[in-house]
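> This structure is in structure tokens; I'll ask about it shortly.
Rule-based calculations on the coordinates, nothing more; no lab input. On a predicted model such as this, the values are computed, not experimentally measured, just so you know. Cβ: placed from backbone, ideal geometry, glycine included. Neighbour counts: every protein chain shown.
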Amino acid sequence: MGYQDHKQRAGETMTSAIPCGIITISDTRNFETDTSGKAIQTALLQSGHDVVRYEVAKDDAAQITALIRALEASGCQVIITNGGTGIARRDSTFEAVDGLLEKRLPGFGEIFRMLSYTDIGPGAMLSRATAGTYGRALIFCLPGSTGAVQLALEKLILPELAHLVWETVR
């Protein structure tokens with residue numbers, strides 16, 4: 001069965017809302033100032049998915065790891081983080097998540113950086129956006145920029161979400 005067949009089958013099988021979790025990772029943002037987390041929430045809800053938990057966490061690897069484990073254990077099939085994917089000293093999202101990933105989707109980060117390059121130029125190389133599976137959940141780690149979040153959701157995540165979830169649960 002080829003890609004198109006899989007995607008069609010996923011669309012036929014995955015007819016209910018996908019339970020999702022959102023984690024904004026920032027030492028400066030809170031629920032009132034978190035435009036990127038709100039953009040993720042809005043996009044998921046408008047696409048017919050459920051946001052079962054939305055957290056704002058400090059850029060702390062132990063806290064990030066604990067939240068991801070809790071979201072996966074609670075049944076979230078998709079976990080989207082934003083923030084902490086750069087190369088600043090405090091950026092720890094990549095390390096925290098990479099240690100949990102069981103199967104990596106290197107194409108996600110590669111394509112995201114390529115798309116980002118067309119928007120922002122060579123600064124796209126600073127992103128360590130990544131994705132993969134942990135338990136029965138898909139994890140996407142996005143930069144904290146609202147523009148980057150919207151790009152990833154519109155061009156990569158939402159068009160493939162049902163297919164990706166179908167692949168991880170079948």
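> Within 12 Å, Cβ to Cβ, of Glu55, how many net charges do the neighbouring residues add up to if Lys/Arg are +1 and Asp/Glu are -1?
It works out to a net charge of +2.
> Take peptides 135-146, 116-127 and line them up by average Cβ neighbours within 10 Å, highest first, as a rough protection proxy.
Listed from highest to lowest mean packing, they are 135-146, 116-127.
> Still on this model: Lys and Arg at +1, Asp and Glu at -1: add these up for the other residues within a Cβ distance under 10 Å of Pro19 and post the number.
0
> So, one more: Under the rule a/c < 1.5 gives rounded, and otherwise a/b versus b/c splits prolate from oblate, where does region 87-141 land using the Cα gyration tensor?
oblate
> Which of rounded, prolate, oblate describes region 20-170, given a ≥ b ≥ c as roots of the alpha-carbon gyration tensor eigenvalues and a/c under 1.5 marking rounded, otherwise prolate only if a/b is larger than b/c?
Rounded is the answer for region 20-170, as its axis ratio a/c remains below 1.5.
> Per DSSP helix of 4 or more residues, -39500 (n - 2.57); summed, then divided by the residues of the chain. What does that give at 222 nm, rounded to the nearest 500?
About -13500 deg cm²/dmol.
> Also: Could you give the size of the charge dipole of region 52-170 about its Cα centre, using +1 on the Cβ of each K and R and -1 on the Cβ of each D and E, expressed in debye and rounded to the nearest 20?
120
> Between beta-carbons, use under 9 Å as the cut-off and find the net charge around Leu67, counting Lys and Arg +1, Asp and Glu -1.
So the environment of Leu67 carries a net charge of +1.
> Still on this model: Please go through region 22-129 and write out the trypsin sites (Lys or Arg not before Pro) that DSSP classes as loop and that have at most 10 other C-beta atoms within 10 Å.
Here the trypsin sites (Lys or Arg not before Pro) that fit, given the DSSP loop and packing criteria, are Arg89.
> Place +1 on the Cβ of every Lys and Arg and -1 on the Cβ of every Asp and Glu in the chain, take the dipole about the Cα centre, and give the residue among Ile25, Ile120, Leu100 whose Cα lies farthest towards its positive end.
Value: Leu100.
> Would you grab the residues whose amide H sits under 5 Å from the one on Ala57? Only those 5+ places off in sequence or on another chain, please, with H modelled 1.01 Å from N.
Thr24, Ile25, Ser26
> Separate question: Can you tell which of Phe94, Phe112, Phe31 shows the greatest fluctuation in a Gaussian network model of the chain with Cα springs below 10 Å?
Phe31
> Same structure again: Tell me which GluC sites (Glu not before Pro) from region 1-109 have a DSSP coil assignment and no more than 12 other beta carbons within 10 Å of their own.
Glu32, Glu102
> Moving on. List the residues, sorted by chain then number, that are 5 or more residues from Leu138 or on another chain and whose placed amide H is less than 5 Å from its amide H.
HN-HN under 5 Å from Leu138: Val78, Ile79.
> Among Val149, Gly135, Thr42, whose Cα projects farthest towards the positive end of the dipole of region 26-170, with charges put on the beta-carbon of Lys, Arg (+1) and Asp, Glu (-1)?
So the residue furthest toward the plus end is Gly135.
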